1. Local charge sum around residue B:131 (other residues, Cβ-Cβ under 11 Å, Lys/Arg +1, Asp/Glu -1)?
2. Have a look at B:13, B:34, B:107 and report the one farthest towards the positive end of the charge dipole of segment B:10-151, computed about the Cα centre with Cβ charges (Lys/Arg +1, Asp/Glu -1).
3. Roughly how many debye, to the nearest 20, is the charge dipole of chain A about its Cα centre, given +1 on each Lys and Arg Cβ, -1 on each Asp and Glu Cβ, and no other charges?
4. Kindly give the distances from residue B:68 to its copy-mates, label point to label point, with each label point 7 Å from Cα along Cα→Cβ, as nm values to one decimal ordered shortest first.
5. Quick check: net charge around residue A:47, other residues with Cβ under 10 Å of its Cβ, Lys/Arg +1 and Asp/Glu -1?
6. Taking the Cα-to-Cβ direction at residue B:15 and at residue A:100 and moving 7 Å from each Cα, how far apart do the two end points lie in nm?
7. Where does the protein assembly as shown land at 222 nm, in deg cm²/dmol rounded to the nearest 500, when only DSSP H runs of n ≥ 4 count, each adding -39500 (n - 2.57), divided by all residues?
8. Taking the Cα-to-Cβ direction at residue B:108 and at residue B:69 and moving 7 Å from each Cα, how far apart do the two end points lie in nm?
2 protein chains.
Amino acid sequence: MTENKPPMDPRGALDPASCTCANLRKAARAVTQAYDDALRPSGMKSTQFTLLAALAKLGDMPLTKLAEVLVMDRTTLTRNLKPLLGKGWVGATRDADQRVRRIALTGAGRQAHDTALPLWRSAQSRLVGRLGPERWSGFLGDLSEAIAATQER
Amino acid sequence: MTENKPPMDPRGALDPASCTCANLRKAARAVTQAYDDALRPSGMKSTQFTLLAALAKLGDMPLTKLAEVLVMDRTTLTRNLKPLLGKGWVGATRDADQRVRRIALTGAGRQAHDTALPLWRSAQSRLVGRLGPERWSGFLGDLSEAIAATQER
DNA sequence: GGTCATAAGGTGTATATGCACTTATAATAC
DNA sequence: GTATTATAAGTGCATATACACCTTATGACC
């Protein structure tokens, strides 16, 4: 095909009102509030559930590795872990390599995760249902693609 | 050929790895960093550019109204305005109704916006180009739809 | 006109986010 | 075997985000 021209303005793509970043952040705010609201009975926020779920699925790992997986700044993760450490939901141990801080889910952490799971499912299925599975699936793929686009070069 | 990427079934949709909120936030982090990086020479961050652009397009308005437009908590906006007030890019005046704080772009603010605009365009066109205008357009629509989904009910 | 509900806004607290800089440990060079 | 470099992590600072609670100004009601 012959569409490798420099970016034009297909649908006001160069109008700040169409800013991908602003619209992404706006959606993140709105959706985060919906999920936080659903998770409220569990005493945790969306970000915290995300961390527990990642550890539950991937197992314990060094802090930097976890930050990479989450596409999150290392220092952000350090601070996001604080409330979880305080609640005893995660533990941190020094590795053989004394520089490495290995992060792991505790028993209480797994229990908290399991408690929150049905609440999360409620919020998730509501949103998936509202978008429709087909559109939702494409949406998730677009999010991944947007991330990939920023990671290259 | 179409079942190893994002889960299409409602079943896969209920795996926390497919969390819409987590993936949205992840993408927001990644894309924000890309835009912040592009905007760095202007001395402003993506969030700040978004505020200036909204005021430039919509004109001055009460704080609460602006927060509504941006789907942002009122108190978040209060604090996000602080650095802009400090730089003299926006001004705040009391309305006839003394409760209302009207937010407006200053001359310096418009100038800062105009300076940042080409930097923003660079980041935006790079991302739109990587996704392709067609896919990007659908992506933006999905973001709006996700927001709408959280606002109803 | 006084009482009271409502609407606009601010503050306290807590978490989320990332850059610049620093510290501690390991690996490598010589 | 020490000097250098590279890696993992933490801290200081600034901004972003929102809930709970408080203050003040309007407007409605009698």
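The values are calculated or read from the model by the stated rules, or taken from the named source; none is laboratory data. The structure presented is a predicted model; accordingly, all values stated were derived computationally and were not measured. FYI the Cβ positions are ideal-geometry reconstructions off the backbone, even for glycines, and counts take in every protein chain you see. Areas reflect the complete protein model, heavy atoms only, side chains present, ligands, DNA and RNA absent. Shrake-Rupley method; radii C 1.70, N 1.55, O 1.52, S 1.80 Å.
1. Numbers: positive: B:126, B:130, B:135; negative: A:142, A:145, B:134.
Computed value for this residue: 0.
2. B:107
3. Working: 23 positive and 15 negative charges, 121 e Å.
Magnitude of the dipole: close to 580 debye.
4. In ascending order, 4.8 nm.
5. Values: positive: A:45, B:25; negative: A:36.
Local charge sum for residue A:47: +1.
6. 2.6
7. Numbers: 13 runs with 198 residues, N = 306.
So the calculated ellipticity at 222 nm is -21000 deg cm²/dmol.
8. In this crude spin-label approximation the distance works out to 2.2 nm.
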